[in-house]
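The structure under discussion appears below in the form of structure tokens.
Please treat every number below as a calculation from the coordinates, not as lab data. Bear in mind that the values here come from a model prediction, so they are computed numbers and not experimental data. Reconstructed Cβ throughout: ideal geometry from the backbone, glycine too, with neighbour counts over all protein chains shown.
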Amino acid sequence: MATIKPFGALRPKADIAHRVAALPYDVYDRREALTEIEKEPLSFLRIDRAETAFPEDVSPYDPKVYRQAKAYLDQMRDEGLFIKEASACYYLYELTMDGRSQTGIVGCAAIDDYLNNIIKKHENTREDKEQDRIQHVDICNAQTGPIFLAYRAQRRLDEIAVEVKQNVPLYDFIAPDGVKHVVWRIDREDYIAGIAQSFANIQSIYIADGHHRAASAVKVGLQRRQAKPNYTGNEEFNYFLAVLFPDNQLKILDYNRVVKDLNGYSSEEFLQEVAKKFLLEPVGKTAYRPEAKATFGMYLDGIWYKLTAKKEILSSDPVDGLDVSLLQNHLLAPILNITDPRRDERIDFVGGIRGLKELERRVNSDMKIAFSLYPTSLAELFAVADANRLMPPKSTWFEPKLRSGLLIHELE
């Protein structure tokens with residue numbers, strides 16, 4: 001029984017929405033964020049990455065950075081660049097990339113559903129990353145970046161989406177990266193009731209992307225509850241901003257690996273070790289993209305190989321059977337001695353959006369070997385979360401990314 005409630009968003013005026021909307025804060029490093037802001041002064045990165053307003057020797061976690069973020073947000077509201085929705089409503093958010101569209105409902109999820117595991121997780125979070133967003137949300141008194149949630153498709157929600165799209169959208173623009181963004185307001189009472197009831201009938205909702213943002217939002221809510229022991233549960237801090245997508249519209253891209261060295265092995269010795277658990281097939285100079293589960297591409301010394309996991313290492317376990325687990329448990333850890341990929345500096349991760357050419361570029365510059373993976377499926381993600389298990393780090397890469405700054409959830 002999921003609670004997804006409507007809310008009155010703080011949002012940019014229609015004529016500047018395309019200038020404000022920004023990719024998530026963690027897509028950029030500090031210098032990249034500054035470059036984006038220099039190109040577009042209204043970019044929401046000014047608020048999400050407010051350290052760009054200070055010299056590089058100022059820590060991004062300095063308290064004055066978060067105060068600056070709030071000052072920018074207040075300034076844009078005072079100047080009339082942001083407006084407050086007059087009443088609580090839902091929103092429909094459609095993203096189109098490379099001819100493929102996905103449409104989600106924007107609303108606020110209950111922190112209690114997160115705590116009670118109705119909203120299910122598949123990743124661990126890191127304390128330092130949580131603390132950053134906790135400070136940002138708490139001081140700004142707002143959630144500025146939505147959490148990407150997924151649910152098993154529901155006919156009534158699909159029907160409402162189709163009907164809402166007949167109306168004039170609030171926003172309709174193509175971002176510089178070519179992704180088209182369209183947002184509609186859903187304020188009809190029957191639609192609002194239908195959406196709320198449909199989600200109330202759903203047993204499980206899944207975090208697709210945004211585990212740190214979700215964990216941070218929940219912790220801010222719990223802090224506010226402590227500060228207000230007579231809270232009713234209806235206060236905005238009891239909820240967090242989310243966009244919820246039906247599973248049949250989503251696509252997970254591959255999340256590939258590059259490694260700095262062969263752990264002391266020569267190339268020939270390394271291949272002999274790999275052949276103990278994987279069938280090895282040289283495929284030449286053409287980049288190899290796996291076409292089925294339990295197969296991998298490997299780029300070493302200018303040659304691509306196809307790796308196929310041998311039968312004895314396959315598993316029906318929801319975590320151990322993942323391709324990322326097969327590679328980690330039977331190659332990266334035992335052969336290359338990468339036992340903690342979350343912290344080992346010898347490994348890096350390359351999102352599938354960058355393509356296989358990026359793997360070749362890395363190996364030809366600062367890395368020794370690369371692995372291309374078959375994408376984790378949404379069904380696998382659901383299975384892991386339903387089993388209350390966690391995926392290895394960097395198991396999923398979702399595209400397109402939700403934009404921050406289009407719809408803001410204020411906590412008071």
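Distance in nm between label sites at residue 203 and residue 253, each 7 Å beyond Cα in the beta-carbon direction?
According to this spin-label approximation, the distance is 3.4 nm.
Just for the chain, what percent of DSSP beta bridges are antiparallel, to the closest 5? Before the final figure, lay out the partial values.
Numbers: 64 of 71 bridges.
Looking only at bridges with both residues in the chain, the antiparallel portion is about 90 percent.
Full extension from residue 193 to residue 349: what is 0.36 nm times the residue separation minus their Cα-Cα distance, to one decimal in nm?
Result for the pair: 51.9 nm of gain on full extension.
Taking R0 as 22 Å, what's the FRET efficiency between residue 115 and residue 61 from their Cβ-Cβ distance, rounded to 0.05?
E between residue 115 and residue 61, to the nearest 0.05, is 0.25.
Using Cα pairs closer than 8 Å and at least 6 residues apart in sequence, work out the relative contact order for the chain, in percent.
Numbers: 767 pairs, mean separation 99.3, N = 412.
Computed value for the chain: 24 percent relative contact order.
If one computes the Cα centroid of segment 373-412 and of segment 150-214, what distance in Å separates the two points?
What the calculation gives is 16 Å, centre to centre.
Just to be sure I understand the model, the point goes 7 Å from the Cα along the line to the Cβ. What's the resulting residue 364 to residue 98 distance in nm?
According to this spin-label approximation, the distance is 2.1 nm.
In segment 211-345, how many lysine pairs have Cα atoms under 19 Å apart, counting only pairs 8 or more places apart or on different chains?
Pairs that pass both the separation and distance tests number 14.
Of all DSSP beta bridges located in segment 145-300, what percent are antiparallel, nearest 5?
On the way: 7 of 12 bridges.
Of the beta bridges lying entirely in segment 145-300, close to 60 percent run antiparallel.
Cα axis of helix 30-39 to longest principal axis of the chain: angle in degrees, 0 to 90, nearest 10?
Around 50 degrees separate the two axes.
In the Gaussian network model of the chain, springs joining C-alpha atoms below 10 Å, which of 242, 387, 196 carries the largest mean-square fluctuation?
387
Could you tell me how many degrees, from 0 to 90 and to the nearest 10, lie between the Cα long axis of helix 155-164 and the main elongation axis, the longest principal axis, of the Cα atoms of the chain?
Roughly 60 degrees between the two axes.
Using a Gaussian network model of the chain with C-alpha springs under 10 Å, which one of 142, 22, 383 is most mobile by mean-square fluctuation?
Sorting by GNM fluctuation, first place goes to 383.
Classify the chain from the C-alpha gyration tensor, please: rounded if a/c falls under 1.5, else prolate or oblate depending on whether a/b exceeds b/c.
prolate
Highest mean first, how do 198-210, 321-333 rank when packing is the count of other Cβ atoms within 10 Å averaged over residues?
Ranking, from highest mean packing down: 321-333, 198-210.
Which FRET efficiency value, to the nearest 0.05, do you get for residue 339 and residue 166 by plugging their Cβ-Cβ distance into 1/(1 + (r/R0)^6) with R0 = 56 Å? Don't skip to the answer; put the middle values down first.
Details: r = 55 Å, r/R0 = 0.97.
So the FRET efficiency works out to roughly 0.55.
Using helices alone, I'd like the mean residue ellipticity at 222 nm for the chain: each DSSP H run of four-plus residues gives -39500 (n - 2.57), total over residue count, nearest 500.
It comes out at -8500 deg cm²/dmol, rounded to the nearest 500.
In degrees between 0 and 90, to the nearest 10, how far off the longest principal axis of the chain does helix 189-200 point, with axes built from Cα atoms?
Taking Cα atoms only, the helix is inclined about 40 degrees.
Excluding residue 224 itself, calculate the net charge of residues whose Cβ lies under 12 Å from the Cβ of residue 224, where each Lys or Arg counts +1 and each Asp or Glu counts -1.
After counting each charged neighbour, the total is -1.
Nearest 0.05, what FRET efficiency do residue 88 and residue 280 give at R0 = 41 Å with Cβ-Cβ as r?
Efficiency computed from Cβ-Cβ geometry: 0.10.
How many nm separate the modelled label positions at residue 311 and residue 125, each set 7 Å beyond the Cα in the direction of the Cβ?
So the two model labels end up 4.4 nm from each other.
Quickly rank 37-49, 271-283, 122-134 as a protection proxy: mean count of other C-beta atoms within 10 Å, highest first.
With the highest mean Cβ count within 10 Å placed first, the list reads 37-49, 122-134, 271-283.
Under 1.5 on a/c is rounded, so check that first for segment 255-374, then, if it is not, pick prolate when a/b is larger than b/c and oblate when it is not; a ≥ b ≥ c are the square roots of the alpha carbon gyration tensor eigenvalues. Walk me through the intermediate numbers first.
Details: a/c = 1.24, a/b = 1.21, b/c = 1.03.
Rounded shape, in that the Cα axes give a/c under 1.5.
What shape does segment 110-204 take by its C-alpha gyration tensor, where a ≥ b ≥ c are the square roots of the eigenvalues and a/c under 1.5 counts as rounded, a/b above b/c as prolate, and the rest as oblate?
Oblate, since a/c reaches 1.5 and b/c is not below a/b.
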